[in-house]
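Student: Let me begin by handing over the structure; questions about it come next.
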Amino acid sequence: MTTAREGLLDAFEDLLIDGGERSTTLDAVAARAQVSKGGLLYHFPSKNALVDGLVERLQERTDQDSTTMRDAPQGAAAYYITSSAEVDTPFDRTFLAVFRLAMSAEESATRAIQRIRGQWLELIRDDLHDDDLAMAVLLMGDGLYYNASLASAGLSEAPQTEEALLRVLERLRARGDGA
């Protein structure tokens with residue numbers, strides 16, 4: 001069951017994704033969540049408090065995903081590649097909403113995105129033991145996410161590239177082990 005606080009964060013996310021930062025007035029968030037403005041202010045006394053709550057939600061979801069990534073049987077790098085094409089998941093929606101805030105120069109959102117990408121890169125580096133290869137995998141994931149986002153918006157077909165990139169990862173991993 002969704003709590004009132006979670007419902008307000010969901011509404012804030014939806015507005016950010018659909019209309020950007022300018023669409024997220026307190027009145028609009030309350031209306032989207034179907035609560036009174038007083039109900040919103042009880043949980044989040046300001047728009048900054050909403051931003052902080054959303055950034056906190058993203059970090060919690062990132063920490064859960066990072067644990068899964070670190071413990072993945074196929075390794076963190078392969079997990080990152082296969083999970084990068086997942087769009088419209090709760091994690092993705094929160095990430096996208098915080099990214100929209102970062103694009104509007106919201107410093108806490110910018111720091112959160114940078115911290116999360118750093119977490120991912122560190123996990124991939126720990127798996128591959130190679131800084132350059134880790135960065136290449138991070139960028140592969142960026143490309144997969146971009147393509148999946150285009151496909152979900154109906155702007156392109158969704159190519160099935162994860163398996164090909166996993167094969168490339170294994171070839172690169174084998175070269176690194178033999179060097």
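Student: What list of ³J(HN,Hα) values in whole Hz, one per residue of the stretch 3-12 in order, does the Karplus curve 6.51 cos²θ - 1.76 cosθ + 1.60 (θ = phi - 60°) give from phi, with Gly and Pro shown as x?
Tutor: For the stretch 3-12, the Karplus curve yields 7, 4, 4, 5, x, 5, 5, 4, 5, 4 Hz.
Student: Please compute the volume of the convex hull spanned by the alpha-carbon atoms of the chain and report it per residue in Å³.
Tutor: 121 Å³
Student: Could I ask something else about it? Can you put LEU139, LEU54, LEU40, LEU172 in order of Cβ neighbours within 10 angstrom, beginning with the fewest?
Tutor: Placing the least packed residue first, the sequence is LEU139, LEU172, LEU40, LEU54.
Student: Which of GLU13, GLU86 comes first, and how do the rest follow, when ranked by fewest Cβ neighbours within 10 Å?
Tutor: Ranking GLU13, GLU86 by Cβ neighbours within 10 Å, fewest first, gives GLU86, GLU13.
Student: Also, quick follow-up: Taking Cα atoms, how many degrees apart are the long axis of helix 107-128 and the longest axis of the chain, rounded to 10 and kept between 0 and 90?
Tutor: Between the helix axis and the principal axis of the chain, the angle is about 20 degrees.
Student: With the cut-off at 1.5 for a/c, could you classify the stretch 1-96 from its C-alpha gyration tensor as rounded, prolate or oblate?
Tutor: Values: a/c = 2.96, a/b = 2.28, b/c = 1.30.
Prolate shape, in that a/c is at least 1.5 and a/b is the bigger ratio.
Student: Calculated FRET efficiency, TYR42 and GLN64, Cβ-Cβ r, R0 22 Å, to nearest 0.05?
Tutor: The formula returns an efficiency of 0.25 here.
Student: Now, a different point. Would you kindly state how much longer the chain becomes between THR89 and THR3 on full extension, computed as 0.36 nm times their sequence separation minus their alpha carbon distance, in nm to one decimal?
Tutor: So the chain would gain 29.1 nm between THR89 and THR3.
Student: What spacing in nm lies between the two simple spin-label points modelled at SER152 and ASP131, each 7 Å away from Cα in the Cβ direction?
Tutor: Once both label points are built, they end up 3.3 nm from each other.
Student: Starting from the amide H of VAL35, placed 1.01 Å from N in the peptide plane, find each other amide H under 5 Å away whose residue is 5 or more places distant or on another chain.
Tutor: Close amide H contacts, sequence-distant or interchain: none at all.
Student: Another question, then. Using each residue's phi in the stretch 20-28, evaluate 6.51 cos²θ - 1.76 cosθ + 1.60 at θ = phi - 60° and report the 3J(HN,Hα) Karplus result to the nearest Hz, with x for Gly and Pro.
Tutor: x, 4, 5, 7, 9, 5, 4, 4, 5
Student: Rounded, prolate or oblate: pick one for the stretch 1-45, where a ≥ b ≥ c are the square roots of the eigenvalues of its C-alpha gyration tensor, a/c under 1.5 means rounded, and failing that, prolate if a/b is larger than b/c, else oblate. Each step should come with its number before you reach the end.
Tutor: On the way: a/c = 2.12, a/b = 1.36, b/c = 1.56.
Verdict is oblate for the stretch 1-45.
Student: What are the ³J(HN,Hα) values, in whole Hz, obtained from phi via the Karplus relation 6.51 cos²θ - 1.76 cosθ + 1.60 with θ = phi - 60°, for each residue of the stretch 88-97 in sequence order, with x given for Gly and Pro?
Tutor: So the J values, rounded to whole Hz, are 6, 8, x, 4, 4, 5, 5, 4, 4, 5.
Student: Taking square-rooted eigenvalues a ≥ b ≥ c of the alpha carbon gyration tensor, is the stretch 79-128 rounded, prolate or oblate, where a/c under 1.5 means rounded and, failing that, a/b exceeding b/c means prolate? If you can, show how the numbers build up before the last one.
Tutor: Working: a/c = 3.55, a/b = 1.38, b/c = 2.58.
Verdict is oblate for the stretch 79-128.
Any read-out appearing in this document is the output of simple, stated calculations on the displayed coordinates, not a laboratory observation. These numbers come from a predicted model, not from an experiment. Neighbour counts run over all protein chains shown; Cβ positions are idealised from the backbone, glycine included.
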